[in-house]
1. With SER171, SER146 as the choices, which residue is touching a strand residue (DSSP E or B) at 6+ places or on another chain (Cβ under 7 Å) and surrounded by 16 or more Cβ atoms within 10 Å (Cβ to Cβ)?
2. Would you check which residues across region 156-166 are of a type outside the set (D, E, K, R) and either in a helix (DSSP H, G or I) or open to solvent by 40 Å² or more (accessible area, probe 1.4 Å) (or both) and list them?
3. What pairs can you find where one residue is in region 98-120 and open to solvent by 40 Å² or more (accessible area, probe 1.4 Å), the other is in a helix (DSSP H, G or I) and hydroxyl-bearing (Ser, Thr, Tyr), and their Cβ atoms are less than 6 Å apart, with a gap of 6+ or different chains?
4. Is there a residue being touching a residue at least 12 places away in the same chain (Cβ under 8 Å), assigned to a helix (DSSP H, G or I), under 17 Å from the mean Cα position of the chain (by Cα) and under 23 Å from ASP163 (Cα atoms) anywhere in region 53-63?
5. Consider only pairs whose beta carbons are under 7 Å apart and that are at least six residues apart or on different chains; among these, list those whose first residue lies in region 131-160 and is farther than 13 Å from TYR183 by Cα and whose second residue is charged (D, E, K, R).
6. Can you say whether ILE126 is part of a loop (DSSP other than H, G, I, E, B), modelled with pLDDT of 90 or more and either closer than 17 Å to SER159 by Cβ or touching a strand residue (DSSP E or B) at 6+ places or on another chain (Cβ under 6 Å) (or both), as far as the supplied structure shows?
7. Quick check on region 48-58. Is at least one of its residues charged (D, E, K, R) and open to solvent by 60 Å² or more (accessible area, probe 1.4 Å)?
8. Of these, GLY19, GLY24, which one is over 15 Å from the mean Cα position of the chain (by Cα), touching a residue at least 40 places away in the same chain (Cβ under 8 Å) and surrounded by fewer than 20 Cβ atoms within 10 Å (Cβ to Cβ)?
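The values are calculated or read from the model by the stated rules, or taken from the named source; none is laboratory data. On a predicted model such as this, the values are computed, not experimentally measured, just so you know. Here Cβ is always computed from backbone atoms with ideal geometry, including for glycine, and neighbour counts include all displayed protein chains. With ligands, DNA and RNA removed, areas are computed over all heavy atoms of the protein, side chains included. Shrake-Rupley method; radii C 1.70, N 1.55, O 1.52, S 1.80 Å.
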Amino acid sequence: MSLSTSLKSSSVSSGKGYGYSPVGLRNIGNTCFMASILQCIFATAPLTKYFLTEFNSETKLRSRPLSSAYKDLLESGRSSSSCVTPTDLKNQVSKVARQFTGYGQQDAQEFLRFLLDGMHNELNRISTKPKYKEINCEKESVDQQSETWQQYFHARDDSIITDLFEGQLCSSITCNKCNHKSYTFDSVGHSKPK
């Protein structure tokens with residue numbers, strides 16, 4: 001595996017036939033921030049394919065109220081010829097992130113991150129995360145180091161959300177005297193803001 005981004009080879013890697021189906025979303029107060037994010041997420045064909053074809057058949061490791069509310073809204077929107085109201089989804093996001101309680105304007109990016117993080121937590125394929133361990137792989141090639149860190153991450157966090165919205169950032173530092181290079185790897189993507 002190289003440092004380039006690759007999509008996990010699974011049945012959701014292609015969303016062919018599950019393209020964007022525009023739907024009107026009724027504002028609940030001043031929730032246009034939510035509607036704009038939902039339209040973007042609805043346009044993510046592999047995610048739509050997952051929710052329409054695989055969500056119900058996957059083994060449930062934990063309760064999934066937020067993901068179920070998203071799936072219900074997605075199905076309603078795809079079958080409706082008029083507007084749909086995302087009340088249940090908004091209520092579920094509000095349980096994950098209290099700042100979304102009420103009907104005021106919020107930050108769209110924060111809504112996206114909390115929505116994805118909440119769905120990831122419900123859909124994580126890992127039932128028991130392994131204990132923390134130090135990884136020392138500096139003697140390996142940068143591609144091997146990248147793969148080691150990717151495996152470490154996926155042993156803890158592995159869901160359709162990470163399949164589609166996670167990536168890896170590699171930073172390097174080079175000593176000016178001896179030219180030794182040191183690399184660090186961070187996962188980037190859906191993680192919610194602190």
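1. On the way: SER171 fails: surrounded by 16 or more Cβ atoms within 10 Å (Cβ to Cβ).
Residue meeting the stated conditions: SER146.
2. Residues satisfying the conditions are ILE160, ILE161, THR162, LEU164, PHE165.
3. As it stands, the answer is THR101/SER94, since those pairs meet every condition given.
4. So far as region 53-63 goes, no, none of its residues is touching a residue at least 12 places away in the same chain (Cβ under 8 Å), assigned to a helix (DSSP H, G or I), under 17 Å from the mean Cα position of the chain (by Cα) and under 23 Å from ASP163 (Cα atoms).
5. From region 131-160, the pairs are ARG156/LYS129; ASP158/ARG125; SER159/ARG125.
6. On the way: part of a loop (DSSP other than H, G, I, E, B): yes; modelled with pLDDT of 90 or more: yes; either closer than 17 Å to SER159 by Cβ or touching a strand residue (DSSP E or B) at 6+ places or on another chain (Cβ under 6 Å) (or both): yes.
It is true that ILE126 is part of a loop (DSSP other than H, G, I, E, B), modelled with pLDDT of 90 or more and either closer than 17 Å to SER159 by Cβ or touching a strand residue (DSSP E or B) at 6+ places or on another chain (Cβ under 6 Å) (or both).
7. The initial filter retains those residues of region 48-58 that are charged (D, E, K, R), namely 49, 54, 58.
Still in the running and open to solvent by 60 Å² or more (accessible area, probe 1.4 Å): none.
Scanning region 48-58, I find no residue that is charged (D, E, K, R) and open to solvent by 60 Å² or more (accessible area, probe 1.4 Å), so the answer is no.
8. Numbers: GLY19 fails: touching a residue at least 40 places away in the same chain (Cβ under 8 Å).
Within the list GLY19, GLY24, the selection yields GLY24.
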